[in-house]
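Structure first, then comments.
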Number of protein chains: 2
Amino acid sequence: MPGSSSTLRLPTVAHAGEFGLINAIRSILPQGSHVIVGPGDDCAVVRGQETCPVISTDLMVEGRHFRRDWSPAADIGARAAAQNLSDVNAMGGTATSLTLGLALPHDLPAAWVMEFVRGFAEEAGSVGASVVGGDLTSSDTLMLAVTVLGSCPAPPVLRSGARPGDTVAIAGRQGWSAAGLALLERGVSEPQELLKAYHRPTPPYAAGPEAARAGATVMLDVSDGLVADARHLAQASNVVIDLWTDELRLVGPPASGPAGTGVDRMQCILSGGDDHPLLACFNRTAELPDGWTQVGAVLPADGGQPMVTVDGEAYDGPAGWTHF
Amino acid sequence: MPGSSSTLRLPTVAHAGEFGLINAIRSILPQGSHVIVGPGDDCAVVRGQETCPVISTDLMVEGRHFRRDWSPAADIGARAAAQNLSDVNAMGGTATSLTLGLALPHDLPAAWVMEFVRGFAEEAGSVGASVVGGDLTSSDTLMLAVTVLGSCPAPPVLRSGARPGDTVAIAGRQGWSAAGLALLERGVSEPQELLKAYHRPTPPYAAGPEAARAGATVMLDVSDGLVADARHLAQASNVVIDLWTDELRLVGPPASGPAGTGVDRMQCILSGGDDHPLLACFNRTAELPDGWTQVGAVLPADGGQPMVTVDGEAYDGPAGWTHF
């Protein structure tokens, strides 16, 4: 277990870093023959009958993933559901059930919890998913743990499998939420549509299954940042993903939004997360389904590193969110 | 939604209480037709092909559910897995997959995380379950979120369905973990077998499916306290559950363990949690499977409240753990 032992030499979680820790952890987890896709993709896929059950888990911590003074409780609830439902979408699947774990401070208003759950239930219901269980405990830190169960067609659409020449395409908005967050951080409360995009994302839930039917070679949902997540595709597929800024502007926030606020629109698009659009690759001869926009192309990683380039150039700006 | 509006009048989570909050939350969660068992049992059950997929989630918070200065990391990991695997056991099912969410302080030793995961993986592997996914985030409070996916026979063994005249039986130890915890709290480090029972429970994983095959009418795993959890069966089935102390001593910690330490052995048995034995009812004519001990009987709740009695008398001692 090389990952494990090298990580053990690093004293703290912050030293090991998110991906160092994940790799070390993965190396010691049992994987039975019923596991078709284990840790590392948007969801795990386990063997089923005609379709594959998929499962995914996310944690949200107050002060890191949301702020109660910035977002209404119902929007935080909807966002918690959306980011998990979106993981199933990214496998080309359909969510059926959610569980909700709540770790709550004693003095948290009960009304906040009920509003949170109302938003969560609303978002789940919007795609026909049920909330089938959960857990409730007290904690000094408010934290939410959501697990989604769904089914996807066999084979599911993974992160590896993009080929040079493929079209890179996006479904849904990208950079809107980041622009809204940047405005909130500056105390700016307009334009409303950007703040709303931050509070309550609108992932393109129908686009995942449609892309799977259209033969998408790889797919994920953009949650940590466009470049950061595209890098996952590049690495898993051992290719270069070249993103095109002219086309990205089509799915980005309106130019008038950040204008005059000091918010860099293209940086929101390239490094923003939380909109949960889908990023996928398709054979260049495939017709993109409705709602998909070409925003780049897959190039060979000739002798070089798998990487993400922007308009053909290496990108050295912030790629997205890191947890440690 | 009466539960919801009444809870909203209570200002804080602590005022609403665990079950008040759960009931209010449940009343606003969507439940599709594929949900066979929703929130409120050990696991949720969703419609599958020949067997039913079951899913359950648990949270563990440092300082409340475990202490790093009391238990080795590997034992905390094993315990986190065990309490979730035990929920599937309590449905008469078999666990197949787990997800693991880790919210970790920056300065947590990476070696602690790896040891924790090693214990978690070991316990999962002991029943043939895989760890298929998870999430990792930073948090001021160390918290663990575990979800288990499994399958159970149709119909699963629920909490409602106990009938007057049924035999009440236990598989596994009860009160050992609580005795170990009480010793730790007193700074006593002997006997080792009780401390070990606290650090790393040994749920009777085979007993659940066996009880289901033997026709158990109801079943759950004792995690919050024997009386508290028996009360769930009594209420869901609208019966009185009478527990017998002479028989409970057979599954309790050895009398010599707590002797002279001020620890009340019978209180450990009646109100202790965390051993994860199974508590089930069987038709009185049924032969109990190996490993099951009769510890009581089901009586009618004639005109009265469903309740738990001990040796025929109302019980007013501590029933178990409450979260708020």
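Considering every residue within region A:239-255, establish whether at least one is in contact with a strand residue (DSSP E or B) (Cβ under 9 Å, 6 or more places away or on another chain) and over 18 Å from A:Gln174 (Cα atoms). Yes, some residue in region A:239-255 is in contact with a strand residue (DSSP E or B) (Cβ under 9 Å, 6 or more places away or on another chain) and over 18 Å from A:Gln174 (Cα atoms). Being open to solvent by 40 Å² or more (accessible area, probe 1.4 Å) and more than 22 Å from A:Ala206 (Cα to Cα) is the filter; apply it to region A:173-185 and report the residue that is nearest to the chain's Cα centre (by Cα). Filtering region A:173-185 for residues that are open to solvent by 40 Å² or more (accessible area, probe 1.4 Å) and more than 22 Å from A:Ala206 (Cα to Cα), the one nearest to the chain's Cα centre (by Cα) comes out as A:Leu181. Of the set (1) open to solvent by 60 Å² or more (accessible area, probe 1.4 Å); (2) in a loop (DSSP other than H, G, I, E, B); (3) closer than 16 Å to B:Leu220 by Cα, all apply to B:Gln294 but (2).
B:Ile170 falls short on exactly one of the conditions (1) in a strand (DSSP E or B); (2) crowded, with 24+ Cβ neighbours inside 10 Å; (3) within 14 Å of chain A (Cβ to nearest Cβ), and that condition is (3).
Considering only residues of region B:276-291 that are of a type in the set (A, V, I, L, M, F, W, C) and closer than 24 Å to B:Trp176 by Cβ, which is surrounded by the most Cβ atoms within 10 Å (Cβ to Cβ)?
First pass over region B:276-291, keeping only residues of a type in the set (A, V, I, L, M, F, W, C): B:278-282, B:286, B:288.
Checking which are closer than 24 Å to B:Trp176 by Cβ leaves us with B:278-282, B:288.
Details: B:Leu278: 29, B:Leu279: 26, B:Ala280: 31, B:Cys281: 28, B:Phe282: 24, B:Leu288: 17.
Ranking the candidates gives B:Ala280 first.
The residues of region A:87-107 that are facing chain B (nearest Cβ under 7 Å) and either assigned to a strand (DSSP E or B) or touching a Lys or Arg at 6+ places or on another chain (Cβ under 9 Å) (or both), listed by number, are A:Thr96, A:Ser97, A:Thr99, A:Gly101, A:Ala103, A:Leu104.
Of the residues A:Arg68, A:Arg79, only one is more than 9 Å from chain B (Cβ to nearest Cβ), open to solvent by 30 Å² or more (accessible area, probe 1.4 Å), at pLDDT 90 or above and not in a strand (DSSP E or B); which?
On the way: A:Arg79 fails: open to solvent by 30 Å² or more (accessible area, probe 1.4 Å).
Just a single option satisfies the conditions, and that option is A:Arg68.
Scanning region B:108-121 for residues that are touching a strand residue (DSSP E or B) at 6+ places or on another chain (Cβ under 7 Å) and in a helix (DSSP H, G or I) turns up B:Ala110, B:Val113, B:Phe120, B:Ala121. Remark: pairs (first residue in region B:232-245, modelled with pLDDT of 95 or more; second residue open to solvent by 20 Å² or more (accessible area, probe 1.4 Å) and assigned to a helix (DSSP H, G or I); Cβ separation under 7 Å; 6+ apart in sequence or on different chains) = B:Thr245/B:Met266.
Tally time: how many residues in region A:87-112 are among the β-branched types (Val, Ile, Thr) and more than 30 Å from A:Cys281 (Cβ to Cβ)? Write out each step before concluding.
Looking only at region A:87-112, we keep the residues that are among the β-branched types (Val, Ile, Thr), and these are A:88, A:94, A:96, A:99.
Narrowing further to those that are more than 30 Å from A:Cys281 (Cβ to Cβ): A:99.
Residues flagged as among the β-branched types (Val, Ile, Thr) and more than 30 Å from A:Cys281 (Cβ to Cβ) within region A:87-112 amount to 1.
Filtering region B:122-150 to residues that are within 9 Å of another protein chain (Cβ to nearest Cβ), part of a loop (DSSP other than H, G, I, E, B) and in contact with a strand residue (DSSP E or B) (Cβ under 7 Å, 6 or more places away or on another chain) leaves B:Ala129, B:Ser139, B:Thr141.
Based on what the data block shows, is B:Val127 surrounded by 24 or more Cβ atoms within 10 Å (Cβ to Cβ) and aliphatic (A, V, I, L, M)? No, not satisfied. Just a yes or no: is a residue in region A:307-324 without any contact (Cβ under 8 Å) to a residue 24 or more places away in the chain and in a strand (DSSP E or B)? Checking region A:307-324: at least one residue is without any contact (Cβ under 8 Å) to a residue 24 or more places away in the chain and in a strand (DSSP E or B). Just give me the residues in region A:256-267 being in contact with a Gly (Cβ under 9 Å, 6 or more places away or on another chain) and either small (Gly, Ala, Ser) or closer than 18 Å to A:Ala171 by Cβ (or both), in sequence order. Within region A:256-267, A:Gly257 is the sole residue that qualifies. Kindly provide the set of residues from region A:130-152 that are buried (at least 24 other Cβ atoms within 10 Å of the Cβ) and in contact with an Asp or Glu (Cβ under 6 Å, 6 or more places away or on another chain), ordered by number. Residue satisfying the conditions is A:Val146 alone.
Any chance you could count how many residues in region A:104-119 are open to solvent by less than 10 Å² (accessible area, probe 1.4 Å) and of a type outside the set (Val, Ile, Thr)? Show your work before the answer.
Of the residues in region A:104-119, the ones open to solvent by less than 10 Å² (accessible area, probe 1.4 Å) are A:104, A:108, A:110, A:113-114, A:116-117, A:119.
Going one step further and asking which of them are of a type outside the set (Val, Ile, Thr), we end up with A:104, A:108, A:110, A:114, A:116, A:119.
Adding up the residues that qualify gives 6.
Does B:Ser56 satisfy being crowded, with 24+ Cβ neighbours inside 10 Å, part of a helix (DSSP H, G or I) and modelled with pLDDT of 75 or more?
Numbers: crowded, with 24+ Cβ neighbours inside 10 Å: yes; part of a helix (DSSP H, G or I): no; modelled with pLDDT of 75 or more: yes.
In short, no.
Selection of region B:247-267 for residues being under 21 Å from the mean Cα position of the chain (by Cα) and in a loop (DSSP other than H, G, I, E, B) yields B:Gly252, B:Pro253.
Here the condition is being in contact with a strand residue (DSSP E or B) (Cβ under 7 Å, 6 or more places away or on another chain), at pLDDT 90 or above, closer than 30 Å to B:Cys52 by Cβ and of a type in the set (Val, Ile, Thr); of A:Thr51, A:Thr99, it holds for A:Thr99 alone. Annotation for region A:191-202: at least one member residue is aromatic (Phe, Trp, Tyr) and open to solvent by less than 50 Å² (accessible area, probe 1.4 Å). Note on region B:297-313: residues that are of a type in the set (A, V, I, L, M), open to solvent by less than 60 Å² (accessible area, probe 1.4 Å) and within 28 Å of B:Arg213 (Cβ to Cβ) total 3. Of the residues making up region B:203-236, those that are touching a Cys at 6+ places or on another chain (Cβ under 9 Å) and open to solvent by 20 Å² or more (accessible area, probe 1.4 Å) are B:Pro209, B:Ala212, B:Thr217.
Checking the condition at pLDDT below 95 and within 17 Å of B:Asp311 (Cα to Cα), which residue from B:Arg265, B:Arg249 passes? Can you show your working first?
Details: B:Arg249 fails: at pLDDT below 95.
The match here is B:Arg265.
Check region B:237-246 and report whether any residue there is within 16 Å of the chain's Cα centre (by Cα) and more than 17 Å from B:Gly317 (Cα to Cα). No; the residues of region B:237-246 include none that is within 16 Å of the chain's Cα centre (by Cα) and more than 17 Å from B:Gly317 (Cα to Cα).
The values are calculated or read from the model by the stated rules, or taken from the named source; none is laboratory data. Computed from a prediction, not measured in an experiment: that's the story for all the values here. As a convention, Cβ positions derive from the backbone with ideal geometry for all residues, glycine included, and neighbour counts pool all protein chains shown. Keep in mind that these areas ignore ligands, DNA and RNA; they rest on the heavy atoms of the full protein, side chains included. Shrake-Rupley method; radii C 1.70, N 1.55, O 1.52, S 1.80 Å.
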